[in-house]
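Novice: I'd like to ask you about the structure that follows.
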Amino acid sequence: MTSAPRGWRRVFGWVWGLRARLMLAFVLLGVVTAVAVAGYIYIDARTVILKKAQDSAVVTLTDKVKRMFPIGELPPSQAKLDEIAGELSDRDDDPVVLYGTRKSAYGPDPAIFPQTLRNAVRGGHVAWQRISLRGSPFLVIGTEMVFTGADGTTQADALEIYSVRSLLPEQDSIDELARRAAVAGGAALVFAVLLALLAARGVLRPVRELDKAAHRLGEGDLSTRLRVRGSDELARVSGTFNNTADALERQVSELRRMESDARRFVADVSHELRTPLAAMTAVADVLEEEAAGLPGDAGQAARQVSQETHNLNRLVNDLIEVSRFDSGTAGLLLDEVDVADAVSASLHARGWSESVAADLPAGVMARLDPRRLDVVVANLVGNALRHGAPPVSLRLRGEPDWVTIEVSDEGTGLDPHVLPRVFDRFYKADTARTRSEGSGLGLAIAWENARLHSDGERTGSLVAANRDSGGAMFTLRLPRQARSHDGPGGGQ
């Protein structure tokens, strides 16, 4: 069910990852630069090409008109108009000569000329304008030929001369320039992509190394270090990582040493206490037997000493058991066990058979350590009887690969903030209590005993929860075919 979201996360991470963002930034930079440079060059070259063509055409037409003086008397005949148009014509220009409402037989229709252009020409100016005919660009140039009489006076009537020149060669040059600009832009884009790949590789390589190193460090490999290359920001990050890893390794080593010393101290003290405790227990048993015959406070003190001695003895035994788990010397003495019989014997030995509603179907066989099963059952049932409310129920279920035992009560259950820490050592749900009836290690030892049972693929577990109907429920699950994996010392 999680493969699809993970796949989408990988795709999303690639799309919005650092590599993609670097490539996008370089590509955008390349595109913007190429478009800006190519656009500027295109516009500037287009202006230069068209201006050069316009200036050349205007100079050519005005020179031809000047060379035609004088042309005789006005008004000119139609033949004269045609003659003037013919003299002005060449392979690049297509002129037309107008006089009033008449025009030369050659040349384009004056209707195609913009009115603004004609007004400028009639005002005595040399004017030009680009127009489009049948989808092709043309340049229209107009000038006026004014005649001066023999007496020096200027005649009112004048010839209007217009020349139409095709701009297709210039347009072809501009189009070719645009194609070259597009090719240059494409080349710039490809170069930007290659540059982005190189930059991403150079930036992401130390980032990937940092990610892998952080992952290894998180998995507990405190010897992980990065190779520092150069003196840039990434190199400083690598150096900071190495310094942090050094400090972390020193601190963890110190903590492990202190933890090892603490475990060794607990184990040594516990073992050293066993001999005097054995003597104290023997004396306490004698005092307990004689307590009934002792007067008043002496008898009460004898009974209290006996009880506290037994409590201390139980605490020492639990500490020794915990030290075996911590040192890895706790092992299993496996046997083929009828689980129902083993649980029933555990309840009977402690006088709980009448206090617990047990559902123990026969024939549930499992290969496990009966002593450790007895410890777990005793802790769970004892905890329910002490802190829960009757009735306390125990239910056994056999599955193909598992044996499940559920112990529940009808009390108020466990507070939500207690559940995550219920198996912690010496944890007290009520912080106001300075001490408890037990050692505070019972559930922690039960949890360790459950985890100790494993068949190589499945590991035992002990889980605490609250029932919907009220009360706490502890669920023990053990593999039916546990394997022995004794620690270095064998041990129990």
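Every read-out reported here was derived from the displayed coordinates using simple, explicitly stated rules and does not represent laboratory data. Source: prediction; values computed, not measured. No Cβ is skipped: glycine too gets one built from the backbone with ideal geometry, and neighbour counts run over all protein chains shown.
Novice: Restricting to the chain, what percent of DSSP beta bridges are antiparallel, rounded to 5? Can you show the working numbers first?
Specialist: On the way: 50 of 55 bridges.
Counting DSSP beta bridges with both partners in the chain, the antiparallel share is about 90 percent.
Novice: Then there's this: Please name which of ILE41, SER461, LEU277 has its Cα lying farthest along the dipole of the chain towards the positive end, using unit charges on Cβ (Lys, Arg +1; Asp, Glu -1) and the Cα centre as origin.
Specialist: ILE41
Novice: What shape does the chain have by the C-alpha gyration tensor, where a ≥ b ≥ c are the square roots of the eigenvalues, rounded means a/c under 1.5, and otherwise prolate means a/b greater than b/c and oblate the rest? Don't jump to the answer; show the numbers that get you there.
Specialist: Numbers: a/c = 5.54, a/b = 4.39, b/c = 1.26.
Prolate.
Novice: Here's another thing I want to ask about it. If each of ARG227 and VAL48 carries a label point 7 Å out from its Cα toward its Cβ, how far apart are those two points in nm?
Specialist: Label at ARG227, label at VAL48, 5.1 nm between them.
Novice: In addition: Starting from the Cα-Cα distance between THR404 and ASP55, subtract it from 0.36 nm times their residue separation and give me the gain in nm to one decimal.
Specialist: 115.4 nm is the gain from fully extending THR404 to ASP55.
Novice: Along the charge dipole of the chain, pointing to its positive end and built from +1/-1 on Cβ of Lys, Arg, Asp and Glu, which listed residue (ASN243, LEU117, LEU360) has its Cα farthest out?
Specialist: Projecting each Cα onto the dipole axis, the largest value belongs to LEU117.
Novice: Something else now. Starting from 0.36 nm per residue, how many nanometres of slack lie between SER484 and PHE191 once their C-alpha separation is accounted for? Write out the running numbers ahead of the final one.
Specialist: On the way: separation 293, 0.36 × 293 = 105.48 nm, distance 6.47 nm.
So the chain would gain 99.0 nm between SER484 and PHE191.
Novice: Could I have the simple spin-label model distance between GLN115 and ASP335, label points 7 Å from Cα toward Cβ, reported in nm to one decimal?
Specialist: Once both label points are built, they end up 12.1 nm from each other.
Novice: Treat every Asp and Glu Cβ in the stretch 330-479 as -1 and every Lys and Arg Cβ as +1, leave all other atoms uncharged, and give the resulting dipole magnitude about the Cα centre to the nearest 20 debye.
Specialist: Values: 16 positive and 21 negative charges, 115 e Å.
Using Cβ point charges on Lys, Arg, Asp and Glu, the stretch 330-479 gives about 560 debye.
Novice: Among the lysines, which have Cα under 24 Å from the Cα of LYS80 when same-chain residues fewer than 8 positions away are ignored?
Specialist: LYS64, LYS66, LYS103
Novice: Let me ask you something else. I'd like the distance between the alpha-carbon centres of the stretch 193-256 and the stretch 386-426, rounded to an integer number of Å.
Specialist: Taking the Cα centre of each part, the stretch 193-256 and the stretch 386-426 sit 46 Å apart.
Novice: Could you tell me the relative contact order of the chain? Use alpha-carbon pairs under 8 Å, at least six residues apart, and round to a whole percent. Each step should come with its number before you reach the end.
Specialist: Details: 631 pairs, mean separation 50.4, N = 492.
After rounding, I find 10 percent.
Novice: Still on this structure, please answer the following. Per DSSP helix of 4 or more residues, -39500 (n - 2.57); summed, then divided by the residues of the chain. What does that give at 222 nm, rounded to the nearest 500?
Specialist: Working: 10 runs with 262 residues, N = 492.
Calculated at 222 nm, the ellipticity per residue is -19000 deg cm²/dmol.
Novice: Another question, then. Could you size up the charge dipole of the chain around its Cα centre, putting +1 on the beta carbon of Lys and Arg and -1 on that of Asp and Glu, and report it in debye to the nearest 20?
Specialist: Value, rounded to 20: 1580 debye.
Novice: Still on this structure: Hey, what D do you get for the stretch 237-367 in µm²/s if you plug the Kirkwood alpha-carbon radius into Stokes-Einstein at 4 °C and 1.567 mPa s? It would help to have the intermediate numbers written out before the result.
Specialist: Details: Rh = 19.8 Å.
Rounded to a whole number, D works out at 65 µm²/s.
Novice: Rounded to the nearest 0.05, what FRET efficiency do GLU254 and GLN307 give with R0 = 35 Å and r taken as the Cβ-Cβ distance? Could you check? Numbers along the way, then the final one.
Specialist: Values: r = 41 Å, r/R0 = 1.16.
Once the sixth-power term is evaluated, E becomes 0.30.
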